[in-house]
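Input: a single structure, listed below in structure tokens.
The values are calculated or read from the model by the stated rules, or taken from the named source; none is laboratory data. Because the structure is predicted, anything quoted here is derived from the model rather than measured. So basically every Cβ, Gly included, is an ideal-geometry build from the backbone, and we count neighbours across all protein chains shown.
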Amino acid sequence: MDKEKYALGVDIGGTNIKLGIVSETGDIIFSTMLPTNREDGPDEVMFQLKKGIKETISQNELDIIGIGIGAAGSVSSEKGTVSNPPNIPGWGVVNVVDIIKKEFNLPICIDNDANAAAIGEMLYGAGKEFNSFALVTLGTGVGGGLILNRKIYQGDFGAAGEIGHISIDYNGRLCNCGSKGCVEAYVGNHYLVDIVKEELPEHQDSIILKLINNNTDLLTPKIICEAAVDGDEYALFVIERTGFYVGSALSSVGNLLDIDTFIIGGGVSAFGQPLLNSIRKTLKDKVLKTLKHRIKVYPAQLKNEAGIVGSSSLIFYNS
Ligand SMILES: [Zn+2]
């Protein structure tokens, strides 16, 4: 008899819905994905979601104890609603849990994807040993999850932890959210690429230009990373500056909540040690004295699988 418990984890992304069956110890037993089809509206996205869940359950004869769902945007885990996810335009407010519950007779938990990733890191990853920490995901957007005393802090309406919209310059770059100087407006994928595009003409000797054949449309954070690995001075400067921006925002999180541990995930975290070192140094420079010597910065341990493991961990966390 197989006594291990399993949860079905679902990550609703802007491009793909990823699904997986994860054991209580955080191992992925099965994974699959299907297109989100976001351009066809929320009904189609929900159709794809149900289809994915149905297929995943029918392809596996495991004892699944619940379905955990992670989604971008403001997510009320109490009501089961997902509001205006930035990666699915025109979504509005949808009660995802009510719709899924009608078809599947299983407990369902839902949370913001960064919160799910933070819970995943707490149960299985870099946050295992810590009582409190902040997770920041550096990707297209900058997400955040706050673990306080081994519990996720969601806020009254599930919108807590928006580290990306901490302003590091009150009169700075315009952010998607309408405010100015949000850290996301400097380090979010598209913003980061835009800034480098603006600056590249002044860095004619940078190998970034060779890597993209002088076509700035080809520029991605990955290219900047490649240039840095090859020792490109400008690329290394960009990475260090990214760390400075992120560290500046995180210093406010540290001071506000007396949090000394920070876990860095998401695609841009592929900048690796130079990024982590810069975040760490900035934090130590900027936080109040009481925090300075306690500052710890770690890379997230759940990488590509963070979405599936994070969302399935909602089931084990809540059961
Ligand atoms: Zn903003």
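Please enumerate the residues belonging to region 22-53 that are of a type in the set (A, V, I, L, M) and without any contact (Cβ under 8 Å) to a residue 60 or more places away in the chain. If you could, list the steps in order and put the result at the bottom.
Quick first cut of region 22-53, residues of a type in the set (A, V, I, L, M) only: 22, 28-29, 33-34, 45-46, 49, 53.
Those that are of a type in the set (A, V, I, L, M) and without any contact (Cβ under 8 Å) to a residue 60 or more places away in the chain: Ile29, Met33, Leu34, Val45, Met46, Leu49, Ile53.
Among the residues of region 149-166 satisfying the criterion of being among the hydrophobic types (A, V, I, L, M, F, W, C) and either assigned to a helix (DSSP H, G or I) or modelled with pLDDT of 90 or more (or both), which is nearest to the ligand (Cβ to nearest atom)? Ranking the qualifying residues of region 149-166, first place goes to Ile166. Within region 274-313, the set of residues being part of a helix (DSSP H, G or I), farther than 30 Å from Val10 by Cα and touching a strand residue (DSSP E or B) at 6+ places or on another chain (Cβ under 9 Å) comprises Asn277, Ile279, Arg280, Leu283.
Here the condition is being over 18 Å from Gly144 (Cβ atoms) and assigned by TED's automatic domain parsing to the domain that holds Glu226; of Thr242, Thr290, it holds for Thr290 alone.
Note on region 120-148: among residues that are surrounded by fewer than 17 Cβ atoms within 10 Å (Cβ to Cβ) and in a loop (DSSP other than H, G, I, E, B), the one that is nearest to the ligand (Cβ to nearest atom) is Asn131.
The C-beta contact set for region 156-169 (first residue farther than 20 Å from Thr242 by Cβ and assigned by TED's automatic domain parsing to the domain that holds Glu78, second residue within 15 Å of the ligand (Cβ to nearest atom) and at pLDDT 95 or above, distance under 6 angstrom, 6+ apart or interchain) is empty. When Phe237 is tested against (1) more than 16 Å from the ligand (Cβ to nearest atom); (2) of a type in the set (A, V, I, L, M, F, W, C); (3) in contact with a helix residue (DSSP H, G or I) (Cβ under 7 Å, 6 or more places away or on another chain), only condition (3) is not met.
The numbered conditions (1) within 16 Å of the ligand (Cβ to nearest atom); (2) farther than 19 Å from Ala228 by Cβ are all true for Leu192 except (2).
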